[in-house]
1. Can you run down the residue pairs with Cβ atoms below 9 Å, 6 or more apart or on separate chains, where the first is in the stretch 74-85 and under 13 Å from T21 (Cβ atoms) and the partner is outside any helix (DSSP H, G or I)?
2. Only residues in the stretch 10-23 that are among the basic types (K, R) count as the first member; pair them with residues that are surrounded by 13 or more Cβ atoms within 10 Å (Cβ to Cβ) and outside any helix (DSSP H, G or I), Cβ under 6 angstrom, at least 6 apart or cross-chain, and list the lot.
3. Restricting to the stretch 24-33, give me the number of residues that are free of Cβ contacts under 8 Å to residues at least 40 places away in the same chain and outside any loop (DSSP other than H, G, I, E, B).
4. Answer yes or no: is there a residue in the stretch 136-147 that is open to solvent by 20 Å² or more (accessible area, probe 1.4 Å) and either in contact with a Leu (Cβ under 7 Å, 6 or more places away or on another chain) or more than 23 Å from E202 (Cα to Cα) (or both).
5. Tell me, which residue of the stretch 26-50 that is more than 14 Å from the chain's Cα centre (by Cα) and buried (at least 21 other Cβ atoms within 10 Å of the Cβ) is nearest to M118 (Cα to Cα)?
6. Could you tell me how many of the residues in the stretch 226-239 are closer than 17 Å to R172 by Cα, open to solvent by 50 Å² or more (accessible area, probe 1.4 Å) and without any contact (Cβ under 8 Å) to a residue 12 or more places away in the chain?
7. Restricting attention to the stretch 1-24, does a residue exist that is of a type in the set (A, V, I, L, M, F, W, C) and over 26 Å from R133 (Cα atoms)?
8. Please verify whether S234 is at pLDDT 70 or above and of a type outside the set (D, E), treating the condition exactly as stated.
Amino acid sequence: MTRELSLSERRDAIDERLEGTLETARGDYLLPARTAVVDRDDRWYGQLVALVANSVTDAPDSPSILRAATAMELFRGYSHLRERLLARLDTPGTEAVAWESNAALLAADYLQTAAYSMLGSLEGTAGGTCIERLATVSERLVETLADADFDSQPTPAAYRSFVDGTAGALGRGAADIGATLAAVDDRQRGRFETVGRGGSVERRIRDDVATDTVSSRPGPRVRDDRQLRRYARSQHADATRALRTLSSTADVDSLREFLGRTVPSDPELH
């Protein structure tokens with residue numbers, strides 16, 4: 001049995017693999033690919049992949065798990081760039097905006113391809129299944145971004161849908177990939193998906209309501225956050241119930257501790 005890595009050790013391992021992948025991301029047009037990935041150092045979605053897999057597998061933080069975690073971070077970079085790109089397209093057209101949009105589009109495509117390629121390198125049938133899981137996330141993400149109105153203030157319901165289709169889809173997908181690597185049954189996988197989705201949605205809402213309405217984060221914003229806080233509480237409750245059920249068949253202590261440590265603090269949400 002291999003030793004489970006600490007959060008900092010796992011982040012270093014993911015970072016090392018990201019650097020190797022991004023070695024070919026050179027030139028002005030691909031610079032946003034490096035920025036979108038390297039500037040986000042928490043590796044939250046990659047950590048989620050690994051912690052879900054580790055809670056069941058006898059070989060925690062195996063090379064396959066770390067590759068899948070790295071792929072999820074590459075895909076998170078893709079989603080971040082796509083979100084920024086669509087928000088920028090609502091800006092009146094200028095040559096600078098057009099150039100930046102072209103660079104973001106090419107860099108996003110680069111990161112998406114790199115993520116699928118890394119999952120395809122996994123041994124056995126896991127790679128193909130994980131690619132299918134990520135393709136489902138990608139479909140939900142594209143649909144959500146296509147429907148989002150970045151130029152006006154959304155209703156709380158519209159914003160909840162936006163968070164579900166971005167952060168929620170990423171979190172569910174990360175947990176799904178981790179559960180796939182651990183070869184759990186469908187019922188257990190569904191519970192892990194609830195944890196990943198709930199934790200990710202709560203984290204995004206907590207982050208958003210803790211910042212000013214004028215933010216560098218892309219995406220639509222709402223001023224009245226009371227309904228969002230209630231929604232975050234419901235997502236937290238769903239994730240907590242799922243973890244409680246999973247604890248009878250999986251060692252979810254590290255996963256529970258991770259979720260408690262990495263979601264920004266907002267006492268009003270509890």
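1. Matching pairs, first to second residue: G77/R40.
2. Final answer for the pair search is R11/R43.
3. The total comes to 1.
4. Looking through the stretch 136-147, none of the residues is open to solvent by 20 Å² or more (accessible area, probe 1.4 Å) and either in contact with a Leu (Cβ under 7 Å, 6 or more places away or on another chain) or more than 23 Å from E202 (Cα to Cα) (or both).
5. A33
6. Residues flagged as closer than 17 Å to R172 by Cα, open to solvent by 50 Å² or more (accessible area, probe 1.4 Å) and without any contact (Cβ under 8 Å) to a residue 12 or more places away in the chain within the stretch 226-239 amount to 0.
7. Checking the stretch 1-24: at least one residue is of a type in the set (A, V, I, L, M, F, W, C) and over 26 Å from R133 (Cα atoms).
8. yes
The values are calculated or read from the model by the stated rules, or taken from the named source; none is laboratory data. These numbers come from a predicted model, not from an experiment. Here Cβ is always computed from backbone atoms with ideal geometry, including for glycine, and neighbour counts include all displayed protein chains. Surface accessibility is based on the protein's heavy atoms, side chains included, excluding ligands, DNA and RNA. Shrake-Rupley method; radii C 1.70, N 1.55, O 1.52, S 1.80 Å.
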